[in-house]
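Peer 1: Just passing along the structure, written as structure tokens.
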Amino acid sequence: NPSVKAASILSLPLPELSRKLQDGSLPLDHVFYAYVGKALQIAIETNCITEFLQESESQLRRAKLMERQGLLYGVPVSIKDSIDCQGHDSTLGFIKNLNKPAAEDSVVVQVLKRQGAIPFVKTNVPQSLISYDCKNLIFGQTRNPLMFTRTPGGSSGGEGALVGGGGSILGIGTDVGGSLRFPAAFCGICAIKPTGKRLSKRGVMAGVVGQKAVAAAVGPLAKDVESLALCLRALLSEDMFSLDGTVPPLPFNEEVYSSTKPLRIGYYETDFFTMPSPAMRRAVRETKQLLEEAGHTLVPFELTNVEYVMFNYCVRGMFSDGGSSFARKFNGEMEKGSSGLFLWLAKAPHWLKTLLSWISKPFVPRLSSIIRSMKENTVDEVWSLHHEIEDFCHQFIAQWKQLNLDVMLCPMLGPALGIGYPAKLSVAVSYTMLYNALDFPAGVVPVTLVTDEDEEQLKGYKGYYQDWWDRTLAKAFRGGVGMPVAVQCVALPWQEELCLRFMKEVETL
């Protein structure tokens, strides 16, 4: 339609777009087709879309006749492959899941529709979701919209690429180790991973089904924080609480989100496990300084034992059965690339794991720890692991309360790694996965771009272990000048609104 000014529609931030849709100053189909056109362009460039949801067009026609206009009336929304949409596959990148359409919409999609949103595409994921790259045998490799040789992150990588490229104004993804935060950080946008049970996970497929040690969450990705807040306002509605009785009926707390009182903010520059790139360190330092100048109090927070958390809680927690259920998913599947090491270990007999762990300990202590963590546990051992994780969480909160903190400022891995690197660097998820083990809400906000000086300083990057992983990470960071780098904003469980309020502050400054 030549009268549609697509560029001016695509430049509107979500809150403004949604106002114009509600007051009728923008026709629904103009907005819908402007985004369909842009999404097609981004899909051709980055290969981020797996399916166009044909029924979105009839939904568009119905929306025009709707009496009640929800908070997301007429807003086109993109949905991650692993989130059920009625009549469409949720493949998780596995060929065996093709032609098995979902019988009904996931609760999140049902609520979005009741709020007037129009889910219009599904987006790509890595095979099995347990990866922060974005590639599988069905749909291939998704690329970063800002630099095609880089990964968009994962596992919500298609969402990161589409929203980051401007082909979707709001995306819904999931996160079990950073799967919302990696794509947002790598593609220069915002995302929030809520507390695991704040939004419904009914009809959302998991990479490892049934494990409770590392909390997964559903959450939104968008260009700015205000859009994330609008999405949570819409989702945290009576609709969600009635459709899924296990979600606590906590509506969005406007008072906390709009408060302006100065915050007491903990911060750290490193977790002493994954050495931050120079740009990551600078991102935290500059943000800290701006926050102090704006009247907030910043308090150093000492992280300890991240190595123990990574191997004993995260790896062991996700693969408590020795990885056998994870390995079963790959039966008859070809592509194994992104999860190669875990898959190989999952299939190795116990005596071989023990031997390899012992042999590799003096040379590659981290590999030794991963192998040791991939053993099959008895029920008794799983229970005591869950108990230990609970204790750790309470200790972490006690340290937080002792410093009287409101929120925490943390590094976020960046810049985006080259395509293929995440598969070799599973250990680099430490900055994000910590907050899945703790089940704290955590969001990312882009704050700076990699400079030539950062690139120069990278030449001295050694890492804390100086092992093969550290050397590989140094290579993976290289060549990222001009790419975005984000920080992570964290709050205590159920404090999503405070987390968003802090993110908004960081974004504004």
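Peer 1: Note down all Cβ pairs under 8 Å where the first residue falls in the stretch 131-154 and is closer than 12 Å to ALA184 by Cα and among the hydroxyl-bearing types (Ser, Thr, Tyr), the second is assigned to a loop (DSSP other than H, G, I, E, B) and open to solvent by 50 Å² or more (accessible area, probe 1.4 Å), and they're at least six residues apart or on different chains.
Peer 2: THR151/ARG143; THR151/ILE419
Peer 1: Checking ARG68 against (1) in a loop (DSSP other than H, G, I, E, B); (2) surrounded by 15 or more Cβ atoms within 10 Å (Cβ to Cβ), only one condition comes out false. Which one?
Peer 2: (2)
Peer 1: Out of all the residues in the stretch 48-65, which are without any contact (Cβ under 8 Å) to a residue 12 or more places away in the chain and open to solvent by less than 20 Å² (accessible area, probe 1.4 Å)?
Peer 2: none
Peer 1: If you take the residues in the stretch 471-499 that are of a type outside the set (A, V, I, L, M, F, W, C) and closer than 19 Å to LYS401 by Cα, which one is surrounded by the most Cβ atoms within 10 Å (Cβ to Cβ)?
Peer 2: GLU496
Peer 1: Then there is this: Filter the stretch 71-82 down to the residues that are farther than 13 Å from LEU28 by Cβ and not aliphatic (A, V, I, L, M), then identify the one that is surrounded by the most Cβ atoms within 10 Å (Cβ to Cβ).
Peer 2: ASP81
Peer 1: Need the failing condition index for GLU254 against (1) buried (at least 18 other Cβ atoms within 10 Å of the Cβ); (2) within 18 Å of PHE502 (Cβ to Cβ), just the number.
Peer 2: Here GLU254 meets the rest and fails (1).
Peer 1: Filter the stretch 412-433 down to the residues that are in a helix (DSSP H, G or I) and over 16 Å from the mean Cα position of the chain (by Cα) and list them by number.
Peer 2: Within the stretch 412-433, TYR421, ALA423, LYS424, VAL427 meet the criteria.
Peer 1: What's the number of the only condition in (1) under 23 Å from the mean Cα position of the chain (by Cα); (2) modelled with pLDDT under 95 that LYS113 fails to meet?
Peer 2: Going through (1) under 23 Å from the mean Cα position of the chain (by Cα); (2) modelled with pLDDT under 95 one by one, LYS113 breaks only (2).
Peer 1: Is it true that ALA437 is farther than 25 Å from ASN312 by Cα, touching a Phe, Trp or Tyr at 6+ places or on another chain (Cβ under 6 Å) and modelled with pLDDT of 95 or more?
Peer 2: no
Peer 1: Just to be sure, is ILE397 more than 15 Å from the chain's Cα centre (by Cα), modelled with pLDDT of 95 or more and within 23 Å of THR151 (Cβ to Cβ)?
Peer 2: Here the answer is no, as ILE397 does not meet what is asked.
Peer 1: A follow-up question, please. What pairs come up if the first residue lies in the stretch 347-365 and is open to solvent by 50 Å² or more (accessible area, probe 1.4 Å), the second is among the aromatic types (Phe, Trp, Tyr) and at pLDDT 90 or above, and their beta carbons are under 9 Å apart, counting only those six or more places apart or on different chains?
Peer 2: Listed by first residue and then by second, the contacts come to PRO365/TYR465.
Peer 1: So, in the stretch 25-39, of the ones that are within 27 Å of the chain's Cα centre (by Cα) and open to solvent by 30 Å² or more (accessible area, probe 1.4 Å), which residue ends up nearest to SER11 (Cα to Cα)?
Peer 2: LYS38
Peer 1: Here's something else I'd like to know. Give me the pairs: first residue in the stretch 385-409 and closer than 21 Å to SER373 by Cβ and in contact (Cβ under 8 Å) with a residue 12 or more places away in the chain, second residue assigned to a helix (DSSP H, G or I) and open to solvent by 20 Å² or more (accessible area, probe 1.4 Å), beta-carbon distance under 8 Å, and six or more apart or on different chains, which are they?
Peer 2: From residues that are closer than 21 Å to SER373 by Cβ and in contact (Cβ under 8 Å) with a residue 12 or more places away in the chain, the pairs are LEU385/ASN312; LEU385/ARG316; GLU388/ASN312.
Peer 1: Over 24 Å from ALA428 (Cβ atoms), in a helix (DSSP H, G or I) and more than 23 Å from the chain's Cα centre (by Cα): which single residue out of GLU333, GLU292, GLU286 fits that description? Let's see the steps before the verdict.
Peer 2: Values: GLU333 fails: in a helix (DSSP H, G or I); GLU286 fails: over 24 Å from ALA428 (Cβ atoms).
Going through GLU333, GLU292, GLU286 in turn, the sole match is GLU292.
Peer 1: Right, another one. Quick one: count up the residues across the stretch 272-283 that are basic (Lys, Arg) and either crowded, with 21+ Cβ neighbours inside 10 Å or not in a helix (DSSP H, G or I) (or both).
Peer 2: 0
Peer 1: On to the next question. Mind listing whichever residues of the stretch 309-328 are part of a helix (DSSP H, G or I), closer than 15 Å to ALA346 by Cβ and of a type outside the set (D, E, K, R)?
Peer 2: Pass one, the stretch 309-328, residues part of a helix (DSSP H, G or I): 309-318, 324-328.
Add one more test, that the residue is closer than 15 Å to ALA346 by Cβ, and what stays is 315-318, 324-328.
Passing the criteria: VAL315, GLY317, MET318, SER324, SER325, PHE326, ALA327.
The values are calculated or read from the model by the stated rules, or taken from the named source; none is laboratory data. Only a predicted model underlies this, so the values are computations on that prediction, with no experimental measurement involved. Positions of Cβ are backbone-derived with ideal geometry, glycine not excepted, and every protein chain shown enters the neighbour counts. For accessibility, only protein heavy atoms count, side chains too; no ligands or nucleic acids. Shrake-Rupley method; radii C 1.70, N 1.55, O 1.52, S 1.80 Å.
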